[in-house]
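The values are calculated or read from the model by the stated rules, or taken from the named source; none is laboratory data. Predicted model only: the values in this text are computed from it and were never measured. All Cβ positions, even for glycine, are placed from backbone atoms using ideal geometry, and neighbour counts span all protein chains on display. Areas reflect the complete protein model, heavy atoms only, side chains present, ligands, DNA and RNA absent. Shrake-Rupley method; radii C 1.70, N 1.55, O 1.52, S 1.80 Å.
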Amino acid sequence: MVALPAGLPDAPGIRLTAAELLALRDQAPDRGRHRPLTRRAGAVPARTPGAGMDLREIRAYVAGDDPRRLDPAATARTGHPHIRSLHEDRDDTILLVADFRAPMLWGTGAALRSVRAARHLAQAGWRVTARGGSVAALVLAGGRAGEIAGAGGDGHMSAICKALAHQHDQALAAPAVPPLAEGLARVLRLSPSGGQVLVATGPDGWQGSEPMLASLARRRSLTLALIMDEAELQPPGRSLAISDGHRSRLARLAVPDLAADLTRLRALGATVTEVMP
(Lines give C-alpha, C1' and ligand atoms only; values in the text may rest on other atoms or scores of the structure.)
Protein backbone atom coordinates (compact mmCIF):
# COMPACT_ATOMS: atom_id res chain seq x y z
CA MET A 1 0.00 0.00 0.00
CA VAL A 2 1.36 3.41 -1.02
CA ALA A 3 1.40 6.15 1.63
CA LEU A 4 -0.84 9.09 0.76
CA PRO A 5 0.55 12.65 0.77
CA ALA A 6 0.35 14.49 4.09
CA GLY A 7 -2.98 16.20 4.57
CA LEU A 8 -4.89 13.97 2.15
CA PRO A 9 -7.56 12.06 4.10
CA ASP A 10 -7.63 8.28 3.84
CA ALA A 11 -11.38 8.18 3.27
CA PRO A 12 -13.86 6.44 0.96
CA GLY A 13 -14.20 8.33 -2.30
CA ILE A 14 -10.63 9.64 -2.08
CA ARG A 15 -8.68 6.44 -1.61
CA LEU A 16 -9.74 3.71 -4.02
CA THR A 17 -9.83 0.25 -2.44
CA ALA A 18 -9.73 -3.14 -4.07
CA ALA A 19 -12.54 -4.26 -1.76
CA GLU A 20 -15.06 -1.85 -3.25
CA LEU A 21 -14.18 -2.94 -6.79
CA LEU A 22 -14.34 -6.63 -5.86
CA ALA A 23 -17.77 -6.07 -4.30
CA LEU A 24 -19.09 -4.96 -7.72
CA ARG A 25 -18.73 -8.57 -8.89
CA ASP A 26 -22.07 -9.51 -7.35
CA GLN A 27 -23.81 -6.77 -9.35
CA ALA A 28 -22.85 -8.36 -12.67
CA PRO A 29 -25.83 -10.00 -14.41
CA ASP A 30 -26.00 -13.77 -14.93
CA ARG A 31 -23.30 -14.63 -12.40
CA GLY A 32 -22.48 -18.32 -12.59
CA ARG A 33 -24.06 -18.87 -16.00
CA HIS A 34 -21.95 -19.72 -19.01
CA ARG A 35 -23.25 -17.76 -21.95
CA PRO A 36 -22.29 -17.76 -25.65
CA LEU A 37 -19.46 -15.37 -26.48
CA THR A 38 -21.42 -14.13 -29.49
CA ARG A 39 -25.00 -13.03 -30.05
CA ARG A 40 -25.26 -14.59 -33.48
CA ALA A 41 -28.40 -16.63 -34.03
CA GLY A 42 -28.03 -20.29 -33.17
CA ALA A 43 -25.12 -19.77 -30.78
CA VAL A 44 -24.98 -22.25 -27.94
CA PRO A 45 -22.74 -22.36 -24.85
CA ALA A 46 -19.38 -23.83 -25.75
CA ARG A 47 -15.73 -23.66 -24.84
CA THR A 48 -13.89 -20.60 -26.09
CA PRO A 49 -11.96 -21.12 -29.34
CA GLY A 50 -8.56 -20.52 -27.74
CA ALA A 51 -5.59 -18.64 -29.19
CA GLY A 52 -6.15 -16.55 -32.28
CA MET A 53 -3.72 -15.07 -34.82
CA ASP A 54 -2.93 -11.64 -33.32
CA LEU A 55 0.39 -11.52 -31.45
CA ARG A 56 0.17 -10.27 -27.86
CA GLU A 57 3.80 -10.62 -26.73
CA ILE A 58 7.01 -12.66 -26.87
CA ARG A 59 8.58 -13.13 -23.45
CA ALA A 60 11.10 -15.30 -21.62
CA TYR A 61 9.94 -18.78 -20.65
CA VAL A 62 9.12 -19.33 -16.98
CA ALA A 63 8.35 -22.54 -15.15
CA GLY A 64 4.78 -23.62 -15.79
CA ASP A 65 4.50 -22.21 -19.31
CA ASP A 66 3.20 -24.49 -22.05
CA PRO A 67 6.30 -25.69 -23.97
CA ARG A 68 4.17 -25.98 -27.10
CA ARG A 69 4.13 -22.17 -27.23
CA LEU A 70 7.92 -21.87 -27.53
CA ASP A 71 8.94 -19.36 -30.21
CA PRO A 72 11.80 -20.92 -32.25
CA ALA A 73 13.07 -17.65 -33.71
CA ALA A 74 13.25 -15.75 -30.42
CA THR A 75 14.76 -18.76 -28.65
CA ALA A 76 17.48 -19.12 -31.29
CA ARG A 77 18.20 -15.39 -31.39
CA THR A 78 18.60 -14.97 -27.62
CA GLY A 79 19.88 -18.38 -26.65
CA HIS A 80 17.14 -18.65 -24.00
CA PRO A 81 13.66 -20.19 -24.31
CA HIS A 82 10.96 -17.65 -25.22
CA ILE A 83 7.18 -18.02 -25.33
CA ARG A 84 4.91 -16.61 -28.02
CA SER A 85 1.58 -15.40 -26.61
CA LEU A 86 -1.41 -14.71 -28.85
CA HIS A 87 -4.61 -12.81 -28.17
CA GLU A 88 -7.46 -15.18 -27.47
CA ASP A 89 -9.81 -15.67 -30.40
CA ARG A 90 -12.96 -14.34 -28.74
CA ASP A 91 -15.80 -12.06 -29.74
CA ASP A 92 -16.10 -10.82 -26.16
CA THR A 93 -12.89 -9.02 -25.21
CA ILE A 94 -12.54 -5.65 -23.51
CA LEU A 95 -9.65 -3.38 -22.59
CA LEU A 96 -10.33 -1.10 -19.62
CA VAL A 97 -8.38 2.18 -19.82
CA ALA A 98 -8.30 4.17 -16.56
CA ASP A 99 -7.25 7.81 -16.70
CA PHE A 100 -5.65 8.53 -13.32
CA ARG A 101 -3.81 11.65 -14.44
CA ALA A 102 -3.84 14.72 -12.19
CA PRO A 103 -7.04 16.38 -13.56
CA MET A 104 -8.97 13.20 -12.68
CA LEU A 105 -7.83 13.34 -9.03
CA TRP A 106 -10.54 15.86 -8.24
CA GLY A 107 -14.20 15.92 -7.32
CA THR A 108 -16.84 17.93 -5.50
CA GLY A 109 -19.25 15.12 -4.62
CA ALA A 110 -18.88 11.88 -2.70
CA ALA A 111 -15.89 10.63 -4.70
CA LEU A 112 -13.01 11.82 -6.84
CA ARG A 113 -13.56 11.64 -10.58
CA SER A 114 -10.79 9.01 -10.78
CA VAL A 115 -12.48 6.79 -8.17
CA ARG A 116 -15.76 6.92 -10.06
CA ALA A 117 -13.90 6.10 -13.28
CA ALA A 118 -12.42 2.99 -11.67
CA ARG A 119 -15.83 1.87 -10.41
CA HIS A 120 -17.33 2.31 -13.87
CA LEU A 121 -14.54 0.28 -15.46
CA ALA A 122 -14.76 -2.47 -12.84
CA GLN A 123 -18.50 -2.84 -13.43
CA ALA A 124 -17.88 -3.27 -17.15
CA GLY A 125 -15.07 -5.76 -16.48
CA TRP A 126 -17.19 -7.89 -14.17
CA ARG A 127 -19.99 -7.98 -16.77
CA VAL A 128 -17.62 -9.30 -19.42
CA THR A 129 -16.11 -11.78 -16.96
CA ALA A 130 -19.59 -13.09 -16.09
CA ARG A 131 -20.16 -13.79 -19.79
CA GLY A 132 -16.89 -15.74 -20.00
CA GLY A 133 -15.06 -13.00 -21.89
CA SER A 134 -11.52 -11.66 -21.68
CA VAL A 135 -10.56 -8.48 -19.80
CA ALA A 136 -7.35 -6.43 -20.02
CA ALA A 137 -6.49 -3.18 -18.25
CA LEU A 138 -4.33 -0.11 -18.84
CA VAL A 139 -3.79 2.65 -16.27
CA LEU A 140 -2.58 6.07 -17.40
CA ALA A 141 -0.96 8.22 -14.71
CA GLY A 142 2.52 9.52 -13.99
CA GLY A 143 5.53 7.47 -15.10
CA ARG A 144 5.17 4.21 -16.98
CA ALA A 145 1.61 3.14 -17.77
CA GLY A 146 0.46 0.10 -15.79
CA GLU A 147 -0.97 -2.71 -17.88
CA ILE A 148 -2.44 -6.19 -17.44
CA ALA A 149 -2.80 -8.45 -20.48
CA GLY A 150 -6.20 -9.90 -21.29
CA ALA A 151 -7.50 -13.13 -19.78
CA GLY A 152 -10.75 -14.49 -18.38
CA GLY A 153 -11.98 -15.67 -15.01
CA ASP A 154 -12.81 -14.15 -11.65
CA GLY A 155 -9.23 -14.49 -10.44
CA HIS A 156 -7.93 -12.38 -13.31
CA MET A 157 -10.59 -9.71 -12.84
CA SER A 158 -9.78 -9.65 -9.11
CA ALA A 159 -6.14 -8.97 -9.99
CA ILE A 160 -7.24 -6.06 -12.18
CA CYS A 161 -9.25 -4.60 -9.27
CA LYS A 162 -6.23 -4.80 -6.98
CA ALA A 163 -3.99 -3.23 -9.64
CA LEU A 164 -6.42 -0.34 -10.14
CA ALA A 165 -6.41 0.39 -6.40
CA HIS A 166 -2.61 0.24 -6.21
CA GLN A 167 -2.11 2.43 -9.28
CA HIS A 168 -4.60 4.96 -7.88
CA ASP A 169 -2.58 5.21 -4.66
CA GLN A 170 0.54 5.86 -6.74
CA ALA A 171 -1.26 8.52 -8.78
CA LEU A 172 -2.37 10.32 -5.59
CA ALA A 173 1.19 10.20 -4.24
CA ALA A 174 2.74 11.60 -7.43
CA PRO A 175 0.19 13.38 -9.67
CA ALA A 176 1.25 13.98 -13.26
CA VAL A 177 -0.26 14.92 -16.62
CA PRO A 178 1.37 12.86 -19.38
CA PRO A 179 -0.27 13.14 -22.83
CA LEU A 180 -3.19 10.74 -23.21
CA ALA A 181 -2.10 9.84 -26.75
CA GLU A 182 1.17 8.31 -25.47
CA GLY A 183 -0.73 5.90 -23.25
CA LEU A 184 -3.31 5.08 -25.90
CA ALA A 185 -0.51 3.87 -28.20
CA ARG A 186 -0.27 0.82 -25.92
CA VAL A 187 -3.89 -0.05 -26.70
CA LEU A 188 -2.85 -1.29 -30.14
CA ARG A 189 -0.85 -4.07 -28.49
CA LEU A 190 -3.21 -4.92 -25.64
CA SER A 191 -6.48 -4.99 -27.59
CA PRO A 192 -6.94 -7.27 -30.63
CA SER A 193 -8.76 -6.13 -33.74
CA GLY A 194 -12.49 -6.41 -33.21
CA GLY A 195 -12.24 -6.06 -29.43
CA GLN A 196 -13.87 -3.48 -27.19
CA VAL A 197 -11.95 -0.56 -25.68
CA LEU A 198 -13.50 1.41 -22.81
CA VAL A 199 -11.70 4.63 -21.85
CA ALA A 200 -12.82 6.38 -18.64
CA THR A 201 -11.66 10.01 -18.62
CA GLY A 202 -12.89 13.53 -17.96
CA PRO A 203 -15.05 15.61 -20.30
CA ASP A 204 -11.94 17.19 -21.83
CA GLY A 205 -9.40 14.48 -21.00
CA TRP A 206 -9.36 13.13 -24.56
CA GLN A 207 -8.48 16.42 -26.26
CA GLY A 208 -5.19 16.35 -28.14
CA SER A 209 -5.42 12.61 -28.84
CA GLU A 210 -7.88 12.70 -31.75
CA PRO A 211 -5.59 10.96 -34.31
CA MET A 212 -4.95 8.04 -31.94
CA LEU A 213 -8.65 7.74 -31.07
CA ALA A 214 -9.55 7.65 -34.77
CA SER A 215 -6.94 4.95 -35.36
CA LEU A 216 -8.30 2.83 -32.51
CA ALA A 217 -11.92 3.23 -33.64
CA ARG A 218 -11.15 1.92 -37.13
CA ARG A 219 -10.58 -1.68 -36.01
CA ARG A 220 -12.05 -1.75 -32.51
CA SER A 221 -15.27 -0.84 -30.74
CA LEU A 222 -14.16 2.30 -28.90
CA THR A 223 -16.23 3.83 -26.09
CA LEU A 224 -15.32 6.93 -24.13
CA ALA A 225 -16.96 7.19 -20.71
CA LEU A 226 -16.85 10.86 -19.72
CA ILE A 227 -16.96 11.05 -15.92
CA MET A 228 -19.06 14.09 -15.03
CA ASP A 229 -18.83 15.92 -11.71
CA GLU A 230 -21.68 17.38 -9.68
CA ALA A 231 -20.27 20.91 -10.00
CA GLU A 232 -20.37 20.60 -13.79
CA LEU A 233 -24.03 19.64 -13.78
CA GLN A 234 -25.29 21.98 -11.05
CA PRO A 235 -22.62 24.63 -10.44
CA PRO A 236 -23.04 26.91 -7.42
CA GLY A 237 -24.49 30.32 -8.14
CA ARG A 238 -21.65 32.23 -6.47
CA SER A 239 -17.97 32.72 -7.14
CA LEU A 240 -15.57 30.25 -5.54
CA ALA A 241 -11.98 30.60 -4.38
CA ILE A 242 -9.75 28.32 -6.45
CA SER A 243 -6.13 27.62 -5.51
CA ASP A 244 -3.30 25.44 -6.80
CA GLY A 245 -1.48 25.68 -3.46
CA HIS A 246 0.57 28.68 -4.58
CA ARG A 247 -1.87 31.09 -6.19
CA SER A 248 -5.60 31.64 -5.80
CA ARG A 249 -8.37 33.48 -7.57
CA LEU A 250 -12.15 33.79 -7.61
CA ALA A 251 -14.03 32.03 -10.40
CA ARG A 252 -17.60 31.16 -11.27
CA LEU A 253 -18.30 27.66 -12.58
CA ALA A 254 -20.61 27.12 -15.55
CA VAL A 255 -22.30 24.07 -17.05
CA PRO A 256 -20.05 22.87 -19.90
CA ASP A 257 -21.57 22.67 -23.38
CA LEU A 258 -20.36 19.30 -24.66
CA ALA A 259 -22.45 19.18 -27.83
CA ALA A 260 -19.59 20.11 -30.16
CA ASP A 261 -17.16 17.76 -28.38
CA LEU A 262 -19.59 14.83 -28.57
CA THR A 263 -20.05 15.46 -32.29
CA ARG A 264 -16.28 15.46 -32.81
CA LEU A 265 -15.83 12.20 -30.91
CA ARG A 266 -18.61 10.45 -32.79
CA ALA A 267 -17.12 11.66 -36.07
CA LEU A 268 -13.91 9.87 -35.05
CA GLY A 269 -15.91 6.64 -34.74
CA ALA A 270 -16.18 6.52 -30.96
CA THR A 271 -19.25 5.82 -28.86
CA VAL A 272 -19.63 8.34 -26.03
CA THR A 273 -21.37 7.91 -22.69
CA GLU A 274 -21.67 10.53 -19.98
CA VAL A 275 -21.33 8.95 -16.52
CA MET A 276 -23.38 10.99 -14.09
CA PRO A 277 -22.70 11.22 -10.33
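Annotations
- Unit Cα scatterers, Debye sum, the chain: log10 I(q)/I(0) for q = 0.09 Å⁻¹: -0.47
- Computed over the chain, the per-residue total of -39500 (n - 2.57) for DSSP H runs of n ≥ 4 gives a 222 nm mean residue ellipticity of -8500 deg cm²/dmol, rounded to 500.
- Lys/Arg +1, Asp/Glu -1 at C-beta; segment 177-277 dipole; positive extreme among Leu253, Val177, Ala217: Ala217
- Share of carbon and sulfur in the accessible heavy-atom surface of segment 77-166 [1.4 Å probe, %]: 50 percent
- Placing unit charges on the Cβ atoms of the charged side chains and taking the dipole of the chain about its Cα centre, the candidate lying farthest along the positive direction among Pro81, Ile14, Val139 is Pro81.
- Between the listed residues Ile242, Ala151, Gln167, the Cα displaced farthest toward the positive end of the dipole of the chain, a dipole computed from Cβ unit charges relative to the Cα centre, is found at Ala151.
- Point-charge dipole on Cβ atoms (K/R +1, D/E -1) for segment 147-253, about Cα centre, debye to 20: 220 debye
- Given +1 at the Cβ of Lys and Arg, -1 at the Cβ of Asp and Glu and no other charges, the dipole of the chain around its Cα centre is 480 debye to the nearest 20.
- Note on segment 129-277: Rg/Rh from C-alpha atoms, Kirkwood Rh, equals 1.00.
- The GluC sites (Glu not before Pro) of segment 156-232 include none that meets both criteria, a DSSP state outside H, G, I, E and B (loop) and at most 10 other C-beta atoms within 10 angstrom of the site's C-beta.
- Equivalent ellipsoid dimensions for segment 175-252 as semi-axes, Å, which come from the Cα gyration tensor, largest first: 33, 15, 9
- Placing +1 on the Cβ of every Lys and Arg and -1 on the Cβ of every Asp and Glu, with no other charges, gives segment 103-170 a dipole of roughly 180 debye about its Cα centre.
- Accessible area in square angstrom per residue, segment 119-238, 1.4 angstrom probe: 37 Å²
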